[in-house]
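**Q** Shown below is the structure under consideration.
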Amino acid sequence: MAEKQRIGVISIGSNDIHLLVAASDGMTTFNRQVNQSMLAELVGAVSGGIVPVKALSQALQDLETLVVSARKQGITTIIALATEAMREVANGPTFIDLVSLTLGIKAVLISGQEEAALDYC
């Protein structure tokens, strides 16, 4: 039997930022340990194809809160996946880079195809 690994995944979506911490052996077991969401107004704030600095600043604070929550659970591996909200705005990729650098986690902007595959699961 494979050893369970604990990991944190954060979804940066259009309307919320969601943290899931789980332990899994990668095959048969998946045990949720933390499941926490914060409201985000990223899409509603878009103006001229960009998310305003105020909304991004709030999102960064919310992300920091979730990262701290995961770290308190002893999680060292945290991945943030940014979805359509960041993919469709001009400053999305820069924000995702800022998330990685500021919070010390891996943050990636996933494609529409990857997002659809994850939604399907």
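No lab work stands behind these numbers, since they all come straight from the coordinates. Only a predicted model underlies this, so the values are computations on that prediction, with no experimental measurement involved. Glycine gets a Cβ as well: all are built from the backbone with ideal geometry, and neighbour counts include every protein chain shown.
**Q** Quick check: the distance between the Cα centres of the stretch 1-45 and the stretch 55-72, to the nearest angstrom?
**A** If you average the Cα positions of each part, the centres end up 13 Å apart.
**Q** How much net charge surrounds A23 when only other residues with a Cβ under 11 Å from its Cβ are counted (Lys, Arg +1; Asp, Glu -1)?
**A** +1
**Q** Between V108 and T28, how high is the FRET efficiency from 1/(1 + (r/R0)^6) when r is the Cβ-Cβ distance and R₀ = 25 Å? Nearest 0.05.
**A** My answer for the efficiency is 0.40.
**Q** Here is a further query. Gaussian network model of the chain, Cα springs within a sub-10 Å range: biggest mean-square fluctuation belongs to which of M38, M86, M27?
**A** M27
**Q** Right, something else. With an 8 Å cut-off on Cα pairs and a minimum separation of 6 or more residues, tell me the relative contact order of the chain in percent.
**A** Reported relative contact order: 25 percent.
**Q** Further question on the same structure: Which of D62, D97, D25 ends up with the largest GNM mean-square fluctuation for the chain, with Cα atoms connected below 10 Å?
**A** Among D62, D97, D25, the largest GNM mean-square fluctuation belongs to D25.
**Q** Something else: To the nearest 0.05, how large is the calculated FRET efficiency for V43 and I7 if R₀ is 35 Å and r is the Cβ-Cβ distance?
**A** The pair V43/I7 has a calculated efficiency of 0.80.
**Q** Same structure, new question: Which one of G49, F95, M38 is farthest out on the positive end of the charge dipole of the stretch 23-107, using unit charges on Cβ (Lys, Arg +1; Asp, Glu -1) and the Cα centre as origin?
**A** M38
**Q** By a straight-distance test (C-alpha under 19 Å), which lysines pair with K4 as possible cross-link partners, with residues fewer than eight away in the same chain excluded?
**A** K72
**Q** Cut-off 10 angstrom, C-alpha nodes, Gaussian network model of the chain. Which of G74, G49, G26 fluctuates the most?
**A** Comparing G74, G49, G26 in the GNM, the peak value goes to G26.
**Q** With θ set to phi - 60° and the Karplus curve 6.51 cos²θ - 1.76 cosθ + 1.60, what are the ³J(HN,Hα) couplings of the stretch 17-25 in order, to the nearest whole Hz, using x for Gly and Pro?
**A** Whole-Hz 3J(HN,Hα) from phi for the stretch 17-25: 10, 10, 10, 10, 10, 9, 10, 8, 8.
**Q** Please compute the modelled spin-label separation between L118 and T76, points set 7 Å along Cα→Cβ, answer in nm with one decimal.
**A** Roughly 2.4 nm, to one decimal.
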